[in-house]
1. With of a type outside the set (Asp, Glu), part of a loop (DSSP other than H, G, I, E, B) and either in contact with a strand residue (DSSP E or B) (Cβ under 9 Å, 6 or more places away or on another chain) or surrounded by 17 or more Cβ atoms within 10 Å (Cβ to Cβ) (or both) as the only criterion, which of Val126, Val188, Val194 stands out?
2. When the residues of the stretch 69-121 are filtered to those that are aromatic (Phe, Trp, Tyr) and under 27 Å from Val44 (Cβ atoms), which remaining residue is modelled with the highest pLDDT?
3. Would you check if Asn201 is within 22 Å of Leu92 (Cβ to Cβ) and either in contact with a helix residue (DSSP H, G or I) (Cβ under 8 Å, 6 or more places away or on another chain) or surrounded by fewer than 14 Cβ atoms within 10 Å (Cβ to Cβ) (or both)?
4. Wholly within the stretch 1-118, which helices (runs of 4 or more DSSP H) include no fewer than the required count, namely at least 1 residues that are of a type in the set (S, T, N, Q)?
5. Assess whether Leu175 counts as being part of a helix (DSSP H, G or I), out of contact with any Asp or Glu (no Cβ under 8 Å at 6 or more places or on another chain) and either without any contact (Cβ under 8 Å) to a residue 12 or more places away in the chain or surrounded by fewer than 21 Cβ atoms within 10 Å (Cβ to Cβ) (or both).
6. Condition check: surrounded by 15 or more Cβ atoms within 10 Å (Cβ to Cβ), in contact with a strand residue (DSSP E or B) (Cβ under 7 Å, 6 or more places away or on another chain) and more than 23 Å from Glu176 (Cβ to Cβ). Does Val112 satisfy that?
7. Would you mind finding the one in Pro200, Pro215 that is under 22 Å from Phe6 (Cβ atoms) and either part of a loop (DSSP other than H, G, I, E, B) or modelled with pLDDT under 95 (or both)?
Amino acid sequence: MLRLSFSTGILYHLPLQTSFALAREAGFDGVELVHGPEVILRGVAYVRRLSREYELPVLSVHPPIVPYPGMYNARRTLSRLVALAEAVECDLVVLHTPKTASMQDARWTGFVDAVLGYRSNPRVRVSLENSGIFYPSDAHYVLHDIRRLGAFAERYDLPVTFDTAHAGTSHYPLLEAFACLNGRVVNVHFSDLVRRPIFPNWRPLYTFFLHHQMPGEGILPLSEFVSMLLDIGYSGALTLEVSPTAIRAWNLALVRASLAQAVQFVRRLQR
């Protein structure tokens with residue numbers, strides 16, 4: 001049976017307790033904790049208390065959503081994520097790959113040094129997330145091609161977080177993109193993708209209105225994808241990661257309905 005995880009980034013604007021309460025009510029098995037201001041201000045003891053109170057373990061830790069000073073310093077970011085994961089008894093962090101097309105770029109070399117530096121950590125694994133293609137120029141970044149990401153993960157024996165919406169923006173079909181990662185996927189960011197013109201051509205609008213949509217409301221073959229995960233005995237988390245607009249985050253009654261819909265989408269395929 002797939003473990004359903006709820007990304008707290010979905011309701012990043014609401015108290016963390018609200019995310020835990022809604023995830024528990026909807027029937028999720030755990031959460032992906034997105035690092036953010038409340039985690040910093042209230043501390044890890046508060047996160048652990050919520051985890052115990054709602055019986056939802058932290059299955060993965062994700063970088064902050066809102067940009068912050070030094071976010072492109074991979075070593076600094078990764079040290080914070082790993083420390084947080086250890087403190088909340090989580091064994092997996094998610095790390096984005098750098099937006100650079102040059103292996104001589106300091107952003108690339110810093111990323112590689114950071115990832116390899118934490119590879120031997122016995123308590124926390126660092127998983128690399130496949131990136132979305134927003135503009136044609138994004139395809140030139142070193143690890144934005146999913147085959148190159150798979151080869152890099154294979155070379156250094158790293159796990160991968162597979163984002164379905166991001167994969168849908170590549171030129172590989174969804175199941176083929178998953179196969180490119182050579183069985184290294186330990187976490188799935190689960191959402192749909194729609195394609196339509198959008199104006200202005202601004203990256204955040206893609207995230208809110210085109211990428212990370214509710215499962216079953218876009219063009220991706222997500223039912224087939226979930227069935228494939230069940231067939232291969234996938235044992236990692238299936239993490240709902242949709243945009244606030246997709247889940248209609250301005251209304252908690254609509255959020256509850258959307259979460260119930262997402263859980264049902266997956267559970268009916270497991271019967």
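The values are calculated or read from the model by the stated rules, or taken from the named source; none is laboratory data. Since we're looking at a predicted model, the values are computed, not measured. A quick note on method: Cβ atoms are made from the backbone with ideal geometry, for glycine too, and the neighbour counts reach across all protein chains shown.
1. Values: Val126 fails: part of a loop (DSSP other than H, G, I, E, B); Val188 fails: part of a loop (DSSP other than H, G, I, E, B).
Answer to the check: Val194.
2. We begin by selecting, within the stretch 69-121, every residue aromatic (Phe, Trp, Tyr); these are 72, 108, 111, 118.
Narrowing further to those that are under 27 Å from Val44 (Cβ atoms): 72, 111, 118.
On the way: Tyr72: 75, Phe111: 96, Tyr118: 92.
That would be Phe111.
3. no
4. On the way: elements: 16-26, 37-42, 44-53, 74-87, 106-118.
Hits in the stretch 1-118: 16-26, 44-53, 74-87, 106-118.
5. Numbers: part of a helix (DSSP H, G or I): yes; out of contact with any Asp or Glu (no Cβ under 8 Å at 6 or more places or on another chain): no; either without any contact (Cβ under 8 Å) to a residue 12 or more places away in the chain or surrounded by fewer than 21 Cβ atoms within 10 Å (Cβ to Cβ) (or both): yes.
In short, no.
6. Working: surrounded by 15 or more Cβ atoms within 10 Å (Cβ to Cβ): yes; in contact with a strand residue (DSSP E or B) (Cβ under 7 Å, 6 or more places away or on another chain): no; more than 23 Å from Glu176 (Cβ to Cβ): yes.
It is false that Val112 is surrounded by 15 or more Cβ atoms within 10 Å (Cβ to Cβ), in contact with a strand residue (DSSP E or B) (Cβ under 7 Å, 6 or more places away or on another chain) and more than 23 Å from Glu176 (Cβ to Cβ).
7. Numbers: Pro200 fails: under 22 Å from Phe6 (Cβ atoms).
Step by step, each of Pro200, Pro215 is checked, and only Pro215 is under 22 Å from Phe6 (Cβ atoms) and either part of a loop (DSSP other than H, G, I, E, B) or modelled with pLDDT under 95 (or both).
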